[in-house]
Amino acid sequence: MVWRDISGHRFGSMFLSPIKSGDAPHYYEVIRKPLDLKAIKNRIRDEDITTTIEFYRDIMHMLMNALMYNAEDTDVYHMAMEILSDAQACIEQLQQTEAAVNKPKDSPGPALPDTASTASVVKADDESKAEEPEADDSDASLPAKRRRRIASERASKHLRE
């Protein structure tokens with residue numbers, strides 16, 4: 001199971017349980033929908049997640065939360081970036097396997113979308129980015145929505161590199 005691969009990642013334990021308020025001040029003010037690996041596993045068990053794409057969405061959401069809350073120069077940010085690329089590779093491999101299994105024999109194309117096309121949660125808008133000053137996503141004075149967008153853009157850029 002891909003969930004086991006991700007939870008067994010060398011940084012997987014960081015994402016197994018919900019964040020404790022004492023460990024991350026203001027976390028629940030910044031992060032509107034916290035997710036952890038146990039919650040995702042429960043969502044699979046309860047059949048709230050029934051497709052690879054839904055699983056991918058929740059894994060990316062969990063990791064984007066970590067990237068949004070933590071500054072780019074922190075260990076947690078770098079751990080989230082590493083597990084993000086490894087999780088993406090695991091899920092992409094699962095999708096390729098599903099596509100091969102589900103593909104009709106006379107159909108040349110893949111049955112499921114490629115994760116590379118859905119890798120970024122929010123696409124960076126290069127024109128608007130050029131107009132806005134560069135901001136630090138750890139700056140608490142920025143609105144939470146903007147910090148999320150900045151973190152998503154950085155993660156997307158890192159994935160494309």
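Just so it is clear, none of the values below were taken in a lab; they were calculated from the coordinates. Fair warning: this is a prediction, and the values are worked out from it, not measured in the lab. When we count neighbours, we look across all protein chains shown, and the Cβ atoms used for this are built from the backbone with ideal geometry, even at glycine.
Remarks
- ³J(HN,Hα) computed for each position of region 89-103 - Karplus, 6.51 cos²θ - 1.76 cosθ + 1.60, integer Hz, glycine/proline x: 5, 4, 5, 4, 5, 4, 5, 5, 5, 4, 5, 5, 6, 8, 6
- Within the shell defined by Cβ-Cβ distances under 10 Å, the residues around ASP86 carry a net charge of -1, with Lys and Arg each +1 and Asp and Glu each -1.
- Where labels lie 7 Å past Cα in the beta-carbon direction, separation of ARG43 and VAL76 in nm: 1.9
- Centre separation in Å (Cα based) which lies between region 3-29 and region 40-79: 9
- Total lysine pairs under 27 Å (Cα atoms) in region 1-112, excluding pairs fewer than 8 apart on one chain: 4
- The slack between ASP5 and HIS61, meaning 0.36 nm per residue of separation minus the straight C-alpha distance, is 18.4 nm.
- Assigned charges on the beta-carbon of Lys, Arg, Asp, Glu; region 1-81 dipole about Cα centre (debye): 240
- Each Lys or Arg adds one and each Asp or Glu takes one away; over the other residues whose Cβ falls under 13 Å from the Cβ of ARG43, this sums to -1.
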